[in-house]
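Reading through the structure tokens given below for one structure.
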There are 2 protein chains.
Amino acid sequence: MSSALAPEALTTGPGPSAGRRPEKTEAILDAAGHLFREHGYGAVSMDQIAREAGVSKATVYAHFESKDRLFAAMIHGACRAYAEGLMPAATEMEDVRAALTRICREIERFLLAPKTLGIYRVIMAEGPRFPELVQSFIEAGPLPFRKMLAEFFEAANRRGALKVPNPQLAAHQLVWLVRGPLYLERMLNLKQPLWDEQSVDEVVAGAVDMFMKGYAPDARD
Amino acid sequence: MSSALAPEALTTGPGPSAGRRPEKTEAILDAAGHLFREHGYGAVSMDQIAREAGVSKATVYAHFESKDRLFAAMIHGACRAYAEGLMPAATEMEDVRAALTRICREIERFLLAPKTLGIYRVIMAEGPRFPELVQSFIEAGPLPFRKMLAEFFEAANRRGALKVPNPQLAAHQLVWLVRGPLYLERMLNLKQPLWDEQSVDEVVAGAVDMFMKGYAPDARD
DNA sequence: GTCTATATTGTGATAGAC
DNA sequence: GTCTATCACAATATAGAC
């Protein structure tokens, strides 16, 4: 279904990769990624991308059929990084609290990193114009991560280490207990602390505490 | 400091409001708001705005100095609506759980409404280009709302109805426990349920439950 | 202030030499 | 495939009549 977004289909050209230099392809993708994440889709021109990549604009068009396709390819690459950069294999765990803490730190490290936030920014801004891209983004990023978390909770349920009635909802809750308090601040990259800044440690500890109190097996309900 | 963003300063013209028809000003603002929220800043042209407002492009420029200023004025108007649309005066409360539930429903009703999400989308996308605007947006919207919530928690602390050590953090947590599970789905307005859809009732109930378990005064810690 | 018609710049995309 | 030079068009902004 998303064959139009397969990595090979994102570059142009008659033959398989007839003579195109992969180093330039990557340079263009890097420049596009950097600029799109930083300034958004509409504010970046193909000239800027070409200049930042150190090639001519015609070369950009030799590698990517259009600005749209270049954008799609950039998002696609970011999704691969998304899938690889997460998943800390927290399945093996000494005790639940420690595992949750590690997961929360991973959430902060990756989901609140400037690069990730840049992707989210541009995807949310341009989403309406690229519906299939949104689909493949969700399927490559948020969806498998939530699934992994839900499976972690289910395993903990079976072990009696947690008591989570709705693992899907709990996955959302844990993610946003960490992400939420830092989200706007970093999404809008506010330099001066606009409100009383919440430190990462406070946020992570608060999230783990609240999650444990909510889903510890000995909680009364 | 934000005098450049005072409402009077956002329209152009020599005299106070020399002959400008307020109805047209509002029509232009409405059209701009609708289109910017729907399609983003870069994808909307002044011609479209003029057409949707039922005036000529020159008239738009008679009311607003530039596209940037029109955008700023639109955001400013949305901030006033933000401040007015929230604040359900939940200070008077029978019992805490009911008050929290009402607050959570209000969060869902307003913070996840298409209009609000559109503002967030465009602010996050264009934020880097409009730093002062981001500042005034935060000060008019999220900041006072968080403050109100924190004060609510402090009052509940004094009454012994809750035990909230960090009201600021707790405000973030409550907001995102409701907002998070529905956020991406609505921000990217996915029609087909991509993952197992969380119903609003589930989300609100889950948020209140978790918050109460975390901050009920009889909780052991 | 409001309109029609226009000036001007920037940008996505291409032609043609090497 | 890669470059320089260029086209075609769309969009911001304005001139001038009423």
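The values are calculated or read from the model by the stated rules, or taken from the named source; none is laboratory data. Remember, predicted model here, so these are calculated numbers, not experimental data. We place every Cβ from the backbone using ideal geometry, glycine too, and count neighbours over all the protein chains shown. SASA here: full protein model, heavy atoms, side chains in, ligands and nucleic acids out. Shrake-Rupley method; radii C 1.70, N 1.55, O 1.52, S 1.80 Å.
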- Only one residue in B:R121, B:R102, B:R129, B:R159 is charged (D, E, K, R), under 17 Å from B:Y183 (Cα atoms) and either open to solvent by 10 Å² or more (accessible area, probe 1.4 Å) or more than 15 Å from the chain's Cα centre (by Cα) (or both). Which one? B:R121
- Message: Criterion first (in the same structural domain as A:L100 (by TED's automatic domain parsing), of a type outside the set (S, T, Y) and farther than 23 Å from B:E185 by Cβ) does A:G160 satisfy it?
- Response: yes
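Taking the stretch A:50-60 on its own, how many of its residues are surrounded by 16 or more Cβ atoms within 10 Å (Cβ to Cβ) and near DNA strand C (Cβ under 8 Å from one of its atoms)? It would help to see each step written out before you state the result.
Looking only at the stretch A:50-60, we keep the residues that are surrounded by 16 or more Cβ atoms within 10 Å (Cβ to Cβ), and these are A:50, A:52-53, A:55, A:59-60.
Still in the list and also near DNA strand C (Cβ under 8 Å from one of its atoms): A:60.
Number of matching residues: 1.
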- Taking B:Q173 as the residue in question, decide whether it is at pLDDT 95 or above, among the polar types (S, T, N, Q) and open to solvent by 10 Å² or more (accessible area, probe 1.4 Å). no
- For B:A72, are the conditions met, namely being more than 16 Å from DNA strand D (Cβ to nearest atom), crowded, with 17+ Cβ neighbours inside 10 Å and at pLDDT 90 or above? no
- Restricting the search to the stretch B:30-49, which residues are assigned to a helix (DSSP H, G or I) and within 15 Å of DNA strand C (Cβ to nearest atom)? B:D30, B:A31, B:A32, B:M46, B:D47, B:Q48, B:I49
- Task: Check off (1) modelled with pLDDT of 95 or more; (2) open to solvent by less than 40 Å² (accessible area, probe 1.4 Å); (3) not β-branched (V, I, T) for A:E202 and give me the number that stays unchecked.
- Result: (2)
- B:A125 within 16 Å of DNA strand D (Cβ to nearest atom) and in the same structural domain as B:A205 (by TED's automatic domain parsing): yes
- Task: Report, by residue number, each residue of the stretch B:68-85 that is touching a residue at least 24 places away in the same chain (Cβ under 8 Å) and not hydrophobic (A, V, I, L, M, F, W, C).
- Result: B:D68, B:R69, B:H76, B:G77, B:R80, B:Y82, B:G85
- Message: I'd like the residue in the stretch B:16-67 that is within 14 Å of another protein chain (Cβ to nearest Cβ) and of a type in the set (G, A, S) and, out of all such residues, is nearest to DNA strand D (Cβ to nearest atom).
- Response: B:S45
- Cβ-Cβ under 6 Å pairs, at least 6 apart or on other chains, the stretch B:177-192 side over 16 Å from A:Q135 (Cα atoms), far side of a type in the set (F, W, Y): B:G180/A:W176
- Item | Only one of B:A171, B:A113 that is out of contact with any Ser or Thr (no Cβ under 6 Å at 6 or more places or on another chain), within 26 Å of B:L188 (Cα to Cα), among the small types (G, A, S) and more than 12 Å from chain A (Cβ to nearest Cβ) | B:A113
